[in-house]
Amino acid sequence: MRGSPYWNPKTETMPREQLRALQGHRLRLTVERAYRTSAFHKALFDQAGVKPADIRTVDDIVRLPFTTRDAWMDNQAEHAPFGQMCAVTPDEAIRYHTTSGTSGRTPLRVLDTRTDWKWVADMWCYGFHGFGVRPGDRVFFAFSYGTFIGFWGAHYGTEKMGCLVLPSGNMTTPNRVQLIHDMQATVVCATPTYALRLGQEAENLGIDLPSGSVKRLILSGEPAGSIPASKKLVEEQWGAKAADTAGMTEIGTIMMFECEHQPGGTHIIEDHFIEEVIDPATGEPVDYGEQGERVVTSFGRTAIPLVRYRSRDLVIKVPHTKCTCGRSFDVYDGGIRGRVDDMLLVRGTNVYPRAIEAIVREYLAVDEFQIRLWTKDGIRDEIAVRCEVRPGFEDQWSGIAKRLGSDLSHNIEGLGIHVERAEAGSLPRFELKAKRVKDDRVVKGASHV
């Protein structure tokens with residue numbers, strides 16, 4: 001790693017006490033700038049009765065109010081098109097992107113300056129380099145290049161590193177697989193779900209991925225990148241190592257990445273972000289090893305300062321010593337484990353789609369799956385996992401379905417989970433974030449008998 005501009009031992013291996021001092025310094029600058037240049041933040045801070053001068057150390061961050069997606073969206077709707085969060089005028093921006101959308105509402109619109117976009121690319125460089133990507137690699141992006149920020153920053157980051165970038169735009173899945181094969185790509189970037197879809201298509205085309213050129217997969221966009229069973233399936237299918245990463249349009253880039261040591265989670269880029277973990281109900285901080293909602297403060301983006309943004313992502317933070325790579329950055333064990341608002345309430349039991357996927361992916365016979373909820377006789381909520389059967393397992397499916405149903409019901413106590421067979425090719429496939437929950441209940445989220 002020595003000699004690379006994307007391995008910085010001065011900050012990546014900095015003692016924790018010094019790292020916190022650095023965070024405190026950058027926090028003060030960020031809060032001062034946000035208060036001075038962003039009408040949204042000034043109003044938020046004034047309402048909370050806090051001034052920039054009140055923030056002296058990183059511990060003072062708890063004095064600052066949370067920023068929420070709803071407040072941001074409401075402000076953007078009232079002050080269209082970009083809202084008052086922006087700290088620059090639209091004339092200063094060179095990039096426009098949106099979130100992947102919220103049901104029934106306009107996606108958030110974000111802007112970036114030249115300085116911001118350099119930072120966005122640099123953060124991806126750190127993540128890619130940390131997983132072993134180097135100049136000369138051929139990096140394929142299974143990404144449609146729309147306004148959703150997705151892998152845009154990663155594209156520019158790998159160019160900056162000196163890699164050969166292979167964009168696939170709106171190509172079909174078979175054409176993408178063929179391009180990976182023909183161009184001898186060494187790195188593939190995709191969501192975990194779509195990586196599996198590409199692998200399935202390679203089988204259909206008679207392309208042997210494990211003996212091919214791809215050595216690394218960079219996964220993002222879904223919790224599955226850190227679900228052991230899903231990750232194992234991807235790695236076996238491709239004969240390559242897979243790394244989890246996570247970013248957000250609101251932040252502009254990745255804020256965590258899995259290094260080559262694959263510690264079962266993602267390092268937080270703590271010289272550029274402060275990541276807190278709170279109880280989503282009370283807003284109080286939780287300890288290492290406890291699941292909570294991640295709250296992010298970003299230092300790098302000038303166009304849109306982001307202070308204590310409630311991500312709604314569920315995480316478990318553990319000390320940096322979990323990994324042997326030498327970085328002093330703490331780790332999110334298991335990456336992003338789901339979302340606060342993804343939780344399903346079924347007959348009084350909390351059910352997380354990630355927990356179901358972790359079990360389903362242990363079964364090689366399952367090609368694709370969907371979680372279906374409905375109300376039986378108008379009074380009782382039911383939950384089923386619909387599965388497409390992988391070719392070659394059809395005759396064994398009866399016994400497999402019985403074992404899968406038992407595993408699901410045993411691990412998610414209080415519910416009997418049905419397992420249903422779906423017709424081959426009938427379930428949706430996803431290029432970006434998978435949406436595998438089909439909720440047809442009479443009253444969604446209600447706790448029926």
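Since every read-out is calculated from the coordinates, none of them should be taken as a lab result. Just so it is clear, the structure is predicted and the values come from calculations on it, not from any experiment. Don't worry about glycine lacking a Cβ; one is built from the backbone with ideal geometry, like all the others, and counts go over all protein chains shown.
For a footprinting-style exposure proxy, rank Ser406, Ser328 by other Cβ within 10 Å, fewest first. Don't skip to the end; give the middle numbers.
Details: Ser406 12, Ser328 20.
Fewest-to-most Cβ neighbours within 10 Å comes out as Ser406, Ser328.
For Lys215 paired with Asp342, estimate the spin-label separation in nm (one decimal), with each label point 7 Å from Cα along the Cα-to-Cβ line.
3.1 nm
Given the Cα-Cα distance of Glu284 and Asp439 and 0.36 nm per residue of separation, how much length would full extension add, in nm? Intermediate values should be presented prior to the final figure.
Numbers: separation 155, 0.36 × 155 = 55.80 nm, distance 3.14 nm.
Taking 0.36 nm per residue and subtracting the Cα distance, the gain is 52.7 nm.
How large is log10 of I(q)/I(0) for region 192-351 at q = 0.12 Å⁻¹ when the intensity is taken from the Debye formula with one equal scatterer per alpha-carbon?
Treating every Cα as an identical point scatterer, log10 I(q)/I(0) equals -0.58.
If one puts a single equal scatterer on every Cα of region 344-440 and applies the Debye formula without solvent, what log₁₀ I(q)/I(0) results at q = 0.11, 0.15 Å⁻¹?
Each listed q corresponds, in turn, to -0.31, -0.58.
Calculate one ³J(HN,Hα) per residue across region 128-143 by plugging θ = phi - 60° into the Karplus curve 6.51 cos²θ - 1.76 cosθ + 1.60, and present them in order as whole Hz with x for glycine and proline.
After applying 6.51 cos²θ - 1.76 cosθ + 1.60, I find 5, 4, x, 9, x, 6, 9, x, x, 5, 10, 10, 9, 10, 8, 8 Hz.
Given a cut-off of 23 Å, name the pairs among Lys231/Lys322; Lys118/Lys317; Lys231/Lys317 whose C-alpha atoms lie farther apart than that in the structure shown.
Numbers: Lys231/Lys322 19 Å; Lys118/Lys317 28 Å; Lys231/Lys317 20 Å.
Violating the 23 Å Cα-Cα cut-off are Lys118/Lys317.
Using helices alone, I'd like the mean residue ellipticity at 222 nm for the chain: each DSSP H run of four-plus residues gives -39500 (n - 2.57), total over residue count, nearest 500.
Working: 11 runs with 131 residues, N = 449.
Here the helix-only value at 222 nm equals -9000 deg cm²/dmol.
Got a sec? How would Thr266, Thr282 order by Cβ neighbour count within 10 Å, fewest to most?
Thr282, Thr266
What are the principal axis extents of the Cα atoms in the chain, in Å, biggest first?
Taking the Cα atoms of the chain, the three principal extents are 69, 56, 43 Å.
Step through the residues of region 358-369 one at a time and calculate ³J(HN,Hα) from phi using the Karplus curve (6.51 cos²θ - 1.76 cosθ + 1.60, θ = phi - 60°), rounding each to whole Hz and writing x for Gly and Pro.
4, 7, 4, 6, 6, 9, 4, 5, 8, 7, 8, 8
Once phi is turned into ³J(HN,Hα) by the Karplus curve 6.51 cos²θ - 1.76 cosθ + 1.60 with θ = phi - 60°, what whole-Hz value does each residue of region 19-30 show in order, with x for glycine and proline?
Coupling constants for region 19-30: 4, 5, 5, 4, 4, x, 4, 6, 5, 4, 5, 5 Hz.
Considering the alpha-carbon set of region 231-286 alone, what are its Rg and its Dmax in angstrom?
Rg and Dmax of region 231-286, Cα atoms, are 14.6, 44 Å.
Among DSSP beta bridges lying fully in the chain, give the percent that are antiparallel, nearest 5. All intermediate terms of the calculation are to be shown ahead of the outcome.
Values: 43 of 69 bridges.
The answer is about 60 percent antiparallel.
Rounding to the nearest 10 and keeping the result within 0 to 90°, find how far the Cα-based axis of helix 152-161 lies from the longest principal axis of the chain.
Between the helix axis and the principal axis of the chain, the angle is about 70 degrees.
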